Amino acid sequence: MMVFKLIKSAQDRWRAVNPPHLVALVRAGARFRSGVLIEQPDEVPA
């Protein structure tokens, strides 16, 4: 019962994923800064 109450109270503070279409990018390893996707070039010049 105590674990249930802890999870229930923690759930009230969790933030929902507003743009669910970005979840795939996060899982693929995309980087975000302040909610903005950071575009990185494929090749770094030497």
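The values are calculated or read from the model by the stated rules, or taken from the named source; none is laboratory data. This one's a predicted model, so the numbers in the text were calculated from it and none came from an experiment. Positions of Cβ are generated from backbone atoms using ideal geometry, with glycine treated the same way; all protein chains shown enter the neighbour counts.
Here is the figure for region 21-35: residues that are among the charged types (D, E, K, R) and either surrounded by fewer than 11 Cβ atoms within 10 Å (Cβ to Cβ) or touching a residue at least 40 places away in the same chain (Cβ under 8 Å) (or both) total 2.
Looking across Val23, Val3, Val17, one residue alone is at pLDDT 85 or above and out of contact with any Pro (no Cβ under 9 Å at 6 or more places or on another chain). It is Val3.
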